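K.L.:
Let me give you the structure first, and then I'll get to my questions.
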Amino acid sequence: MADGNIVHVVGTGTIGEPLIGLLCDAKEDLEIDEVTFYKHSPVLTDRPKVKGLVNRGGNLAVREGKIKEFQELGIEPMYEAEEAIRRASVIIDCTPKGTGLMNKEKYYNKYKNKIKGFLAQGSEFGFGKMYAVGINDQAITPKDKFIHIVSCNTHNMAVLINALAIENKKNHLKEGRFLCIRRANDISQVKSFLPSPEVGIHKDIKMGTHHAVDVYHLYKTLGIELNVFSSALKLNTQYMHCIWYDLKLNKKITKDEAIQCFIDNPKVAVTHKKAANLVFSFGRDHGHYGRILDQTVIVLPTIHVLNDNEIIGFCFTPQDGNSILSSITATERFLFPDSYEEKLNVLGAFLLQEV
């Protein structure tokens, strides 16, 4: 590991690119000395993106066999791929599903005694302890060098439960049901768009889709076992994920109390907007790289209470903003375990109370 606090991001996709940009823009306040990033393929259409990240202050790393190809595109890499890993203080892996686990076996385990911490995004079950900021911070210990940042929809489900059902570390959730209504792809992507709505299957016999499985294991790090089930479908839209939730509690709650629970939660934004494009465009205009960093955006007019203990409603999932917030929080915790919280104040402008 080189001298100084160096954060290395592997991947420049829908999470990697805005994460690199935010780390570069805020590195002085975050007390990061250098931000490096790995780009796998020298693609002509990606050249503006790579140059933009370099202009923000990021230093590019590529595989040794591809250095010449990047140079032919007019891009000069600063480091070879494994050299950048070796120099890093913290590594954030933002590669597609499964690649993070492969990188752990091939590279990260080799340097785990020299590097302060490793993070992987989304669907990298088994990479390390699951984490979502504001949900299970107390479960993370100095021994946890490998952290799995859960997916954006898992963040959303987790904070719904946190706001409505967790009180003084006691779990009041009797039963939770979720329908994850997912966008087809990101606006930055051209692949995988759908001609029509596509329903998902329930692969887990007890909990349905991986979303409930992941939120179950996230809360299990706190010693809490949830009764949760999720379904999923994809819509032919690129705007935002949406979640329909139905939470039954073992205590009484009114609609006004439910609304106040959301308003009082610092990781929750609320809105009266019912259309995803309006929430999305607000993030585009007021977020960083178009992203707000809240865990969820609760649609207040949809909140309904049945039988004095069942809360039903809809919410939107900020496009990877919650995962980015957790990634930066975990990074700062690795770098400054005793003072990381105060350094995160720089991100406050992107944590909105109302959309």
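K.L.:
Can you tell me which of Asp204, Asp186 is in contact (Cβ under 8 Å) with a residue 24 or more places away in the chain and on the phi < 0 side of the Ramachandran plot? So that I can check it myself, show each step before the final result.
P.N.:
On the way: Asp204 fails: in contact (Cβ under 8 Å) with a residue 24 or more places away in the chain.
The conditions single out Asp186.
K.L.:
Restricted to the stretch 297-321, and to residues that are modelled with pLDDT of 95 or more and assigned to a helix (DSSP H, G or I), which residue is nearest to Glu31 (Cα to Cα)?
P.N.:
It comes out as Leu300.
K.L.:
Report, by residue number, each residue of the stretch 92-103 that is assigned to a helix (DSSP H, G or I) and either modelled with pLDDT of 95 or more or among the polar types (S, T, N, Q) (or both).
P.N.:
Applying the first criterion (assigned to a helix (DSSP H, G or I)) to the stretch 92-103 yields 99-103.
Matches in the stretch 92-103: Thr99, Asn103.
K.L.:
Right, something else. Can you pull out every residue in the stretch 176-208 that is in a loop (DSSP other than H, G, I, E, B), of a type in the set (Gly, Ala, Ser) and either surrounded by 15 or more Cβ atoms within 10 Å (Cβ to Cβ) or in contact with a helix residue (DSSP H, G or I) (Cβ under 7 Å, 6 or more places away or on another chain) (or both)? Show your work before the answer.
P.N.:
Here is the first cut: in the stretch 176-208, the residues in a loop (DSSP other than H, G, I, E, B) are 184-197, 200-203, 205-207.
When the remaining residues are screened for being of a type in the set (Gly, Ala, Ser), the result is 184, 188, 192, 196, 200.
Scanning the stretch 176-208 gives Ala184, Gly200.
K.L.:
Sticking with this structure for a sec: Looking at this structure, is Glu34 over 28 Å from His210 (Cβ atoms) and touching a strand residue (DSSP E or B) at 6+ places or on another chain (Cβ under 8 Å)?
P.N.:
Working: over 28 Å from His210 (Cβ atoms): yes; touching a strand residue (DSSP E or B) at 6+ places or on another chain (Cβ under 8 Å): yes.
For Glu34, the condition - over 28 Å from His210 (Cβ atoms) and touching a strand residue (DSSP E or B) at 6+ places or on another chain (Cβ under 8 Å) - is met.
K.L.:
Take the conditions surrounded by fewer than 17 Cβ atoms within 10 Å (Cβ to Cβ) and at negative phi and apply them to Val43. Does it pass?
P.N.:
Details: surrounded by fewer than 17 Cβ atoms within 10 Å (Cβ to Cβ): yes; at negative phi: yes.
Yes.
K.L.:
Also, quick follow-up: For the stretch 234-254, which residues satisfy the criterion of being part of a strand (DSSP E or B), surrounded by fewer than 20 Cβ atoms within 10 Å (Cβ to Cβ) and either modelled with pLDDT under 95 or on the phi > 0 side of the Ramachandran plot (or both)?
P.N.:
Leu235, the sole residue that qualifies.
K.L.:
Please list, ordered by first then second residue, the pairs with beta carbon atoms under 6 Å, 6 or more apart or interchain, first in the stretch 216-232 and in the same structural domain as Asn162 (by TED's automatic domain parsing), second of a type in the set (Phe, Trp, Tyr) and outside any loop (DSSP other than H, G, I, E, B).
P.N.:
Every condition considered, the pairs that remain are Leu226/Tyr216; Leu226/Tyr219; Val228/Tyr216; Ser230/Phe178.
K.L.:
In the stretch 20-41, what residues are modelled with pLDDT of 95 or more, more than 22 Å from the chain's Cα centre (by Cα) and over 10 Å from Val7 (Cα atoms)?
P.N.:
Scanning the stretch 20-41 gives a single hit, Glu28.
K.L.:
Have a look at Glu82, Glu124 and point out the one that is closer than 22 Å to Ile15 by Cα and more than 23 Å from the chain's Cα centre (by Cα). Don't jump to the end; show me each part of the working.
P.N.:
On the way: Glu124 fails: more than 23 Å from the chain's Cα centre (by Cα).
Exactly one of Glu82, Glu124 is closer than 22 Å to Ile15 by Cα and more than 23 Å from the chain's Cα centre (by Cα), namely Glu82.
K.L.:
With the requirement that a residue be assigned to a helix (DSSP H, G or I) and over 24 Å from Gly4 (Cα atoms), what does the stretch 53-91 give you? First the steps, then the outcome.
P.N.:
Going residue by residue through the stretch 53-91, those that are assigned to a helix (DSSP H, G or I) are 53-56, 64-72, 81-87.
The answer is Glu64, Gly65, Lys66, Ile67, Lys68, Glu69, Phe70, Gln71, Glu72.
K.L.:
How many residues does the stretch 47-58 hold that are farther than 15 Å from Leu23 by Cα and over 23 Å from the mean Cα position of the chain (by Cα)?
P.N.:
Selection size over the stretch 47-58: 3.
K.L.:
Where residues in the stretch 1-40 are surrounded by 19 or more Cβ atoms within 10 Å (Cβ to Cβ) and in contact with a Cys (Cβ under 7 Å, 6 or more places away or on another chain), which of them is farthest from Tyr79 (Cα to Cα)?
P.N.:
Taking the candidates together, the pick is Ile15.
K.L.:
Related question: With the requirement that a residue be of a type in the set (D, E, K, R) and surrounded by 14 or more Cβ atoms within 10 Å (Cβ to Cβ), what does the stretch 153-175 give you?
P.N.:
First, pick out the residues of the stretch 153-175 that are of a type in the set (D, E, K, R): 167, 169-170, 174-175.
Within the stretch 153-175, Lys174, Glu175 meet the criteria.
K.L.:
Considering only the stretch 261-297, state which residues are over 26 Å from Thr329 (Cα atoms), free of Cβ contacts under 8 Å to residues at least 60 places away in the same chain and not small (Gly, Ala, Ser).
P.N.:
Across the stretch 261-297, the qualifying residues are His272, Lys274, Asn277, Leu278.
K.L.:
Hey, any hits in the stretch 323-331 for a residue that's hydroxyl-bearing (Ser, Thr, Tyr), out of contact with any strand residue (DSSP E or B) (no Cβ under 8 Å at 6 or more places or on another chain), on the phi > 0 side of the Ramachandran plot and crowded, with 16+ Cβ neighbours inside 10 Å?
P.N.:
Step one: list which residues in the stretch 323-331 are hydroxyl-bearing (Ser, Thr, Tyr), which gives 323, 326-327, 329, 331.
Going one step further and asking which of them are out of contact with any strand residue (DSSP E or B) (no Cβ under 8 Å at 6 or more places or on another chain), we end up with 329.
If we keep only those that are on the phi > 0 side of the Ramachandran plot as well, we get none.
No; the residues of the stretch 323-331 include none that is hydroxyl-bearing (Ser, Thr, Tyr), out of contact with any strand residue (DSSP E or B) (no Cβ under 8 Å at 6 or more places or on another chain), on the phi > 0 side of the Ramachandran plot and crowded, with 16+ Cβ neighbours inside 10 Å.
K.L.:
If I ask for residues that are closer than 20 Å to Arg87 by Cα and either outside the structural domain of Ile85 (by TED's automatic domain parsing) or over 31 Å from the mean Cα position of the chain (by Cα) (or both), which ones from the stretch 59-74 would you list?
P.N.:
Result: Gly65, single match.
The values are calculated or read from the model by the stated rules, or taken from the named source; none is laboratory data. Computed from a predicted structure; not experimentally measured. Every residue, glycine as well, gets a Cβ built from its backbone with ideal geometry; the counts of neighbours run over all protein chains shown.
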